[in-house]
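Everything on this sheet refers to the single structure shown next.
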Amino acid sequence: MDALIPPLLNGSAVGALLLLAALGLTLIFGQMGVINMALGEFIMVGAFVTYLTQLVIPSSDISIPVALPVAFVVAGLLGLLLEVSIIQWMYRRPLDTLLATVGVSLILQQVALQIFPAQGVPVENPGWLQGQIDVFGYAWPYRQAFTIALALVCVAGLAAWLKYTSFGRRIRATVQNRDLAETVGVRTRNVDRITFFVGSGLAGVAGVAASLIGGTNSQMGVQYIIPAFLVVVAGGIGQIKGTIIAAWVIGVAMAFFADWTSGSLAQVLAFVLVVIFLQVRPQGLFTVRTRGLA
Amino acid sequence: MKKLTKLNPWYSLIGIAVFAVLLLVVAPSVLSMHWINNLGKYSAWAIVAVGIGLAWGRGGMLVMGQGVFFALGAYSMAMHLTLETAGPDATPTFMILYDPLAAVPAFWEPFRSEWFTVLAIVLLPVIVAGVLGYALFKRRVKGAYFAILTQALAVALAVLVSSTIRETGGDTGLSDFKYFFGYVLNDDANKLMIYMITVGLLIVCMLVAWQLYRSRFGELLLATRDAEDRVRFLGYDPANIKLVAFVIAAVMASIGGAMFVPLVGIITPQEIGASASILFIAGVALGGRASLFGPVLGAMAIGWGQSSLASSWPEGWIYILGLLFIVVTLFLPNGLASLFSRMWSTVRTSADRRSQAERRLAA
């Protein structure tokens, strides 16, 4: 039992980060059929924003809460820029967006490498996150609990936004039937842009949390994007429920695998796990029922 | 898309013949040994690209993790060469470095045999790609999902190899090979031979692709790419068609990897991970994924750019590569080959018009 608790808790925190990253991916993919490979770099941007905020506001007690909205807006605007400059010319061609955003991701990594030192920058944990909670005898760092709380707040906010606001209704209408939505007066182009903004912004928020847990450097996006995609594949496209469950399961599974074998084998095993899972549910955990051909 | 396949296939055969003469006869007599070796390296990458052209250009399967299969061939070859250099029944130096009493891992032992190594280079990718492809295609995993999953595998494999320093050499990889199937590697005549073998294999792979493209299988593969459901309704199983193309592409990647090792003299996880796999894609996309020559020439161009720019101006190279992805997908989705065929058809139509005009004048 004691051996189960640490990977369970650590894995949950990793899962929460993956959830934040995967939400952006699945929102953008589900909404527009666009795959944003540069989303990992948006996480990186969020982490560097956290570092820069700490330069401006030295007290980390204040700078972290300030960094959250700033990272959201900066990453969101970057996503908006990406949408307007590149993505909007290749809607409904997921493979092309995937390739183009690979290019964007390479460029962003290189830009970060030229601005910031290659070994990365330190982000200081605020005082109110420097403690541990005792969970059945295991000292669980506050910042991991904070990551989970942050992810849950973001998810709840996103779900409420989609479900209860008129804008959320327009988004859902666009996803279900773009032409019909347009016919009844929804400006689908605006819906696309705002969805891209929010999805990218969520990755920025994930970056703030990532900077508190792991390192902040130009390569950090790479280590989140692939597990985040595994989450999207396993969870089902555009399904918040599926994304939450898949993120948690994959985060925890990777933590357990890492405990039993090694961190590197854990990635291979997580991959195998997802491929096996796809044999059972090829469309992911939850799917939108359609009459289309699978 | 369609236009690219309309070109008379026999022209391609003449093209391959010219290409073979250029690489096998002209290049060795003109170029220095240094450039022959480089050209060999680009040819090894081009072999991988032919396979990607088949799977992606013709089959619509974007394989973002071709580094995995490249690794199977490369590490099979590297293990054999390492053992050959160490001598019979001896332990390779790098293993002794970490532990003087180290035993050779069990999975290394068969690679002492030359025949086993050659078989492994061909059969390992068949097994891995076969199992993975069967699992994914039968459950109709496709498009972006498929691309991401293959890349995930490449990332995972590179991380795994990096971390197993005692078994695979880890981040430093395998190097310091002295012999290649009995031939001394540090000899220009033998280097030329290895170059010739690589180019020969490239030509063979192109011929295989050429034959596949004009066969019934090639038609079915194209049909699967463009309208998978219709192919299914006609009674074929698209999963099998894709599986065959994916496996052939994997074998080609493995062969490319195997030849890369004696030419370059080192294999590291960097050469097989996500960024290396992306480089393969970049070459194929640049050249034109659906054509026969596009992937080959694109891969060679990227290889040349990589080796000439990456050392002298690394940050610039990354920007160029990034922009390449964006510009090619935005403006030239079918690569430079489409530019060529567009020009070709313009020339043809104007020539047709001229001959018509001449005929009218004569009449």
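Bear in mind these aren't lab numbers, they're just calculated from the coordinates by the rules spelled out. Small disclaimer: the values here were computed from a predicted structure and weren't measured. Please note: Cβ atoms are built from the backbone with ideal geometry, for glycine as well, and neighbour counts cover all protein chains shown.
Find the Cα radius of gyration of chain B, compare it with 2.2 N^0.38 Å by division, and give the number to two decimals.
On the way: Rg = 21.8 Å, N = 363, 2.2 N^0.38 = 20.7 Å.
Working it through for chain B, the quotient is 1.06.
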For chain A, what is the calculated [θ] at 222 nm in deg cm²/dmol (nearest 500), taking -39500 (n - 2.57) for each run of four or more DSSP H residues and dividing by its residue count?
-> -25000 deg cm²/dmol
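Report, as an integer, the average count of C-beta atoms from other chains found within 10 Å of each Cβ along B:318-327.
6
Please arrange A:M254, B:M95 by counting, for each residue, the other beta carbons lying within 10 Å of its beta carbon, fewest first. Don't skip to the end; give the middle numbers.
Numbers: A:M254 24, B:M95 21.
So the ranking, lowest neighbour count to highest, is B:M95, A:M254.
Please report, in whole Å³, the volume per residue of the convex hull around the C-alpha atoms of segment B:90-223. Provide the component values of the computation, followed by the final result.
Values: hull volume 21.3 nm³, N = 134.
Residue-normalised Cα hull volume stands at 159 Å³.
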Taking B:283-292, A:211-220, B:169-178 and ranking on average Cβ neighbours within 10 Å, highest first, one gets B:283-292, A:211-220, B:169-178
Take peptide B:277-285, look around each residue's Cβ out to 10 angstrom, count Cβ atoms belonging to other protein chains, and average those counts.
-> 2
Under-28-angstrom lysine pairs by C-alpha in the protein assembly as shown, whenever the two are 8 or more apart or on separate chains | 15
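Tell me the net charge near B:Y179. Cut-off is 12 Å between Cβ atoms, B:Y179 excluded, with +1 for each Lys or Arg and -1 for each Asp or Glu. Write out the running numbers ahead of the final one.
On the way: positive: B:K178; negative: B:E84, B:E114, B:D176, B:D187.
It works out to a net charge of -3.
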Net charge over other residues, Cβ less than 15 angstrom from the Cβ of A:S12 (K, R count +1; D, E count -1) = 0
Take the Cβ-Cβ distance between B:Y236 and B:A17 as r, set R0 to 41 Å, and report the resulting FRET efficiency rounded to the nearest 0.05.
-> 0.75
Exposure proxy ranking, count of Cβ atoms within 10 Å, fewest first, for B:F94, B:F260 | B:F94, B:F260
Number of partner chain Cβ atoms within 10 Å, mean per residue of B:146-154 | 6
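If you take the square roots of the eigenvalues of the alpha-carbon gyration tensor of the protein assembly as shown and sort them as a ≥ b ≥ c, do you get rounded (a/c under 1.5), prolate (a/b over b/c) or oblate? Before the final figure, lay out the partial values.
Numbers: a/c = 1.82, a/b = 1.23, b/c = 1.48.
Since a/c reaches 1.5 but b/c is at least a/b, the shape of the protein assembly as shown is classed as oblate.
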Based on the mean of other beta carbon atoms within 10 Å per residue, what is the order of A:160-172, A:30-42, most packed first?
-> A:30-42, A:160-172
Which residue fluctuates the most in chain A, going by a Gaussian network model with Cα springs under 10 Å, if the choices are A:V74, A:V153, A:V280?
-> A:V280
Starting from the amide H of B:M61, placed 1.01 Å from N in the peptide plane, find each other amide H under 5 Å away whose residue is 5 or more places distant or on another chain.
-> B:W56
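Work through the residues other than A:N36 whose Cβ is under 15 Å from its Cβ and net out their charges, Lys, Arg +1 and Asp, Glu -1.
Values: positive: A:R92, A:R93, A:R193; negative: A:E41, A:E83, A:D96, A:D192.
With Lys, Arg at +1 and Asp, Glu at -1, the net is -1.
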Calculated [θ] (222 nm, deg cm²/dmol) that DSSP helices of n ≥ 4 give over chain B, each run adding -39,500 (n - 2.57) | -24500 deg cm²/dmol
Least to most buried among B:K242, B:K138 (fewest other Cβ within 10 Å first) | B:K138, B:K242
